[in-house]
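The values are calculated or read from the model by the stated rules, or taken from the named source; none is laboratory data. The shown structure was predicted, so the numbers you read here are calculated from the model rather than taken from an experiment. Backbone-built Cβ (ideal geometry, glycine too); neighbour counts: all protein chains shown. We work out accessible area using only protein heavy atoms, side chains counted, and drop any ligands, DNA or RNA first. Shrake-Rupley method; radii C 1.70, N 1.55, O 1.52, S 1.80 Å.
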Amino acid sequence: MNSNRFTNGALGVLAWGVALLIFFPILWLLLTSFKTEQQAFTVVPNFFFSPTLESFKMALAQGSGYWHYAWNSALIAVASTVIGLALAVPAAYAMAFYPNKRTDFLLVWMVSTKFIPAVGVLIPIYLVYSAVGLLDNALGLTLLFTAMNLPIIVWMVYSYFRDIPKDIVEAADIDGASIMQTLFKVVLPLALPGLASTGLLALILAWNESFWSITMTDHRAATLAVYIASFKSAEGLFWAKMSAASVLAIAPIIVLGWFTQRQMVRGLTFGAVK
Amino acid sequence: MSNASPERDGGARERLQRWLPKLVLSPSCVLVLFFVYGFIAWTSYISFSDSGMMPDYTWVGLHQWSRLWTSWTWGIALHNIWVFGLLYIVSCIVLGLILAILLDQRIRAEGVLRTIYLYPMALSFIVTGTAWQWFLNPGLGLEKTMHDLGWQSFSFNWLIDSNMAIYTVVIAAVWQATGFVMAMFLAGLRGIDGEMIKAAQIDGAPAWKIYARIIIPQLRPVFLSAVVVLAHLAIKSFDLIVAMTGGGPGNATAVPATFMYSYAFSRNEMGIAAASAVFMLAVIAALIIPYLYSELREPRS
């Protein structure tokens, strides 16, 4: 709004200052992870130290358990995303191309379940899971993550499908293409970028999830969130190593987040922000 | 119904066209219906039952509810969620709006800045909460750093001070959600019609006046969305508290979600835990249903 060069420069400096402030806790974690335990704890803190990968080696060493938790996190995140997309695509397809007067209501109703706090269903799920042996089980957690992310996946896929001109689908229909052909040959290729970002968002949400991981798993199916949450009990002892493990746990998201920030906002605000 | 269904096929194909949408929608709907409403009903039932460590479906009326409301810890949890929620919502909205206005000034590399502002929201709350916990821990982080740098009298021990610990959670939570609220406001700002602003500029109105009189009033829907989203995030907040204080020191930072968790799993009071969960559900429903209702009535853009 203001084209004054000086004001603009000052505002730029301010904006970068805020960015540094916001990034500081993450930066601090990063810096600690590149120190040795002694450096992290005893040396007068400064930003000029010789970085070492020692803590990362420690964090990834056999017996640290990192790979066990990381594998669980990755497996459960990917599986829940794939299942979620497989369930959501037909549902979104039906709502986008064969809407009826209840579609809007259905959609809002589905999205509204995202607002429900997990504690509201925690006890019954725990009881069911312990009865059928799904506690501390990767499949059990996968199902929960799928159910948790499904409304948001359906909603996002739906919004991408709606951007596809209806004429194209109608033309395919008239040409005698079956619904399956229309879906796989016409609609999905067009919606591929949207599906990819929906999948990424679902992956991020599943990777970050902690409530169900903490309540439903112990060790066997525990994810990185459980591993990191256990750190505070051992505070100060292996600080650099724990920082390194934390950095490793958020590194995929730091990279993915760079590419998906728009989808992130869109998904989390249920489309209030596009 | 689709008006594209070709006439010539008729019969089976048309019937398929009609039923397929319902058929493919049903798994998602049933899943949501079962996981959500069935289990909410179940939780409600438990809150009227004699369940302790194990579920016991003997009906005891409002017994668990009266135990909940006379519980000292529940009182603390409710007080904390008020303090936390209010400070969290107000700070996020004020800071988010300021940041959005700042980024709206055609600052260079805006995309990069926006991503950085959004990072806290994208990262696992457990990890960032743990990082904050280290940073605010007097023996490890900020305070120790200041002491090592020679500022011996520096003191910041809110994290372990029962009167102040909840504010450290507020700080971390605000840090986490501000960029997200900023993104909502930024999108709102970008959607405002420029004509009125130009007219006001020609009239020589100062920038702050344009914001106060023209721009901010037009952001009303964004304010509403932000309040609803933040309020429900506040009520759901669990991971940040688990990572930072674990509800401590003592019960000083207990909130309804951690209260529910500890009564269900460590105190073996399933009935009370269920009652607290139903209470949280009711508060969120009172917040969300009118909002969604009003959203639904407006024509979608």
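Just give me the residues in region B:186-208 being open to solvent by less than 20 Å² (accessible area, probe 1.4 Å) and more than 9 Å from chain A (Cβ to nearest Cβ), in sequence order.
B:LEU189, B:ALA200, listed by residue number.
Could you pull out every one of the helices (runs of 4 or more DSSP H) wholly within region A:97-165 that has 2 or more residues that are in contact with a Cys (Cβ under 8 Å, 6 or more places away or on another chain) and within 12 Å of another protein chain (Cβ to nearest Cβ)?
On the way: elements: A:103-112, A:119-132, A:138-162.
Of the helices (runs of 4 or more DSSP H) lying wholly inside region A:97-165, those with at least 2 residues that are in contact with a Cys (Cβ under 8 Å, 6 or more places away or on another chain) and within 12 Å of another protein chain (Cβ to nearest Cβ) span A:103-112.
How many residues are part of a loop (DSSP other than H, G, I, E, B) and of a type outside the set (D, E, K, R) if we restrict to region B:31-67? It would help to see each step written out before you state the result.
Keep residues of region B:31-67 that are part of a loop (DSSP other than H, G, I, E, B), which gives B:48, B:50-58, B:60-62.
Next, only the ones that are of a type outside the set (D, E, K, R) stay: B:48, B:51-55, B:57-58, B:60-62.
The number of residues fulfilling the criteria is 11.
Against the condition assigned to a loop (DSSP other than H, G, I, E, B) and either over 13 Å from A:VAL247 (Cβ atoms) or at pLDDT below 85 (or both), how does A:VAL13 come out, does it pass? I'd like the intermediate steps shown before the answer.
Values: assigned to a loop (DSSP other than H, G, I, E, B): no; either over 13 Å from A:VAL247 (Cβ atoms) or at pLDDT below 85 (or both): yes.
No, not satisfied.
So A:TRP109 ticks every box in (1) among the aromatic types (Phe, Trp, Tyr); (2) at pLDDT below 85; (3) farther than 30 Å from B:ALA275 by Cβ but one. Which box is left unticked?
All conditions are met except number (3).
Quick one: A:GLY84 ticks every box in (1) outside any helix (DSSP H, G or I); (2) buried (at least 22 other Cβ atoms within 10 Å of the Cβ) except a single one, so which number is it?
Every condition holds for A:GLY84 apart from (1).
Does A:ALA221 qualify as being assigned to a helix (DSSP H, G or I) and of a type outside the set (Phe, Trp, Tyr)?
Values: assigned to a helix (DSSP H, G or I): no; of a type outside the set (Phe, Trp, Tyr): yes.
Criteria not met by A:ALA221.
Could you tell me which numbered condition A:ASP173 fails, if it satisfies all but one of (1) modelled with pLDDT of 85 or more; (2) more than 22 Å from the chain's Cα centre (by Cα); (3) part of a helix (DSSP H, G or I)?
It is condition (1) that A:ASP173 fails.
What number of residues in region A:65-81 are open to solvent by less than 60 Å² (accessible area, probe 1.4 Å) and more than 17 Å from A:SER197 (Cα to Cα)? Explain how you work it out, then say what you get.
Pass one, region A:65-81, residues open to solvent by less than 60 Å² (accessible area, probe 1.4 Å): A:65-66, A:69-70, A:72-74, A:76-77, A:79-81.
Filter again for more than 17 Å from A:SER197 (Cα to Cα), leaving A:65-66, A:69-70, A:72-74, A:76.
Of the residues in region A:65-81, 8 are open to solvent by less than 60 Å² (accessible area, probe 1.4 Å) and more than 17 Å from A:SER197 (Cα to Cα).
Scan region B:71-123 for residues that are assigned to a loop (DSSP other than H, G, I, E, B) and either in contact with a Gly (Cβ under 6 Å, 6 or more places away or on another chain) or without any contact (Cβ under 8 Å) to a residue 60 or more places away in the chain (or both) and report the count. Quick ask: steps written out before the conclusion?
Going residue by residue through region B:71-123, those that are assigned to a loop (DSSP other than H, G, I, E, B) are B:71, B:104-109, B:123.
Now drop any that are not either in contact with a Gly (Cβ under 6 Å, 6 or more places away or on another chain) or without any contact (Cβ under 8 Å) to a residue 60 or more places away in the chain (or both), which leaves B:105-109, B:123.
Total meeting the criteria: 6.
For region B:268-282, what are the residues that are at the interface with chain A (Cβ under 9 Å from one of its Cβ atoms) and either within 17 Å of the chain's Cα centre (by Cα) or acidic (Asp, Glu) (or both)?
From region B:268-282, those at the interface with chain A (Cβ under 9 Å from one of its Cβ atoms) are B:270, B:273-274, B:276-278, B:280-281; that's our starting set.
Passing the criteria: B:ALA277, B:MET280, B:LEU281.
Might you let me know whether region B:154-162 holds any residue that is more than 7 Å from every other protein chain (Cβ to nearest Cβ), free of Cβ contacts under 8 Å to residues at least 24 places away in the same chain and open to solvent by less than 10 Å² (accessible area, probe 1.4 Å)? Lay out the reasoning, then the answer.
Of all residues in region B:154-162, those more than 7 Å from every other protein chain (Cβ to nearest Cβ) come to B:154-162.
Then drop every residue that is not free of Cβ contacts under 8 Å to residues at least 24 places away in the same chain, which leaves B:154-158.
Narrowing further to those that are open to solvent by less than 10 Å² (accessible area, probe 1.4 Å): none.
No - not one qualifying residue is present in region B:154-162.
May I ask you to say which residue of A:LEU139, A:LEU201, A:LEU190, A:LEU127 is aliphatic (A, V, I, L, M), farther than 30 Å from B:ALA274 by Cβ, in contact with a helix residue (DSSP H, G or I) (Cβ under 9 Å, 6 or more places away or on another chain) and surrounded by fewer than 20 Cβ atoms within 10 Å (Cβ to Cβ)?
Values: A:LEU139 fails: farther than 30 Å from B:ALA274 by Cβ; A:LEU201 fails: surrounded by fewer than 20 Cβ atoms within 10 Å (Cβ to Cβ); A:LEU127 fails: farther than 30 Å from B:ALA274 by Cβ.
None of the other options fit; the residue is A:LEU190.
Just to check your reading of the model, which residue among B:TYR167, B:TYR211 is open to solvent by 40 Å² or more (accessible area, probe 1.4 Å) and aromatic (Phe, Trp, Tyr)? Even if it seems obvious, please write down each step before you answer.
On the way: B:TYR211 fails: open to solvent by 40 Å² or more (accessible area, probe 1.4 Å).
One residue alone meets the criteria, B:TYR167.
Report, by residue number, each residue of region A:51-64 that is buried (at least 16 other Cβ atoms within 10 Å of the Cβ) and outside any helix (DSSP H, G or I). Talk me through it step by step, then tell me what you get.
Just the residues of region A:51-64 that are buried (at least 16 other Cβ atoms within 10 Å of the Cβ), to begin with: A:54-56, A:58-60, A:64.
Answer for region A:51-64, where residues must be buried (at least 16 other Cβ atoms within 10 Å of the Cβ) and outside any helix (DSSP H, G or I): just A:SER64.
Mind checking which residues of region A:142-151 are among the aliphatic types (A, V, I, L, M), farther than 12 Å from A:MET216 by Cβ and either open to solvent by less than 10 Å² (accessible area, probe 1.4 Å) or at pLDDT 90 or above (or both)?
Filtering region A:142-151 down to residues among the aliphatic types (A, V, I, L, M) leaves A:143-144, A:147-148, A:150.
Retained after the next criterion (residues that are farther than 12 Å from A:MET216 by Cβ): A:147, A:150.
Within region A:142-151, just A:LEU150 meets the criteria.
I need the full set of residues from region B:218-227 which are hydrophobic (A, V, I, L, M, F, W, C) and open to solvent by 10 Å² or more (accessible area, probe 1.4 Å), in order please. Explain how you work it out, then say what you get.
Of region B:218-227, the ones hydrophobic (A, V, I, L, M, F, W, C) are B:219, B:222-224, B:226-227.
Within region B:218-227, B:VAL222, B:PHE223, B:LEU224, B:VAL227 meet the criteria.
Does A:SER112 count as open to solvent by less than 10 Å² (accessible area, probe 1.4 Å) and closer than 25 Å to A:PHE161 by Cβ? Lay out the reasoning, then the answer.
On the way: open to solvent by less than 10 Å² (accessible area, probe 1.4 Å): no; closer than 25 Å to A:PHE161 by Cβ: yes.
The answer is no for A:SER112.
List pairs: first residue in region A:184-209 and farther than 24 Å from A:VAL247 by Cβ, second residue open to solvent by 20 Å² or more (accessible area, probe 1.4 Å) and among the hydroxyl-bearing types (Ser, Thr, Tyr) anywhere in the structure, Cβ distance under 9 angstrom, at least six positions apart or on different chains.
Listed by first residue and then by second, the contacts come to A:LEU190/A:TYR160; A:ALA191/A:TYR160; A:PRO193/A:TYR160; A:GLY194/A:TYR160; A:LEU195/A:TYR160; A:SER197/A:TYR160; A:THR198/A:TYR160.
What number of residues in region B:105-142 are over 30 Å from B:THR73 (Cα atoms) and more than 9 Å from chain A (Cβ to nearest Cβ)?
1
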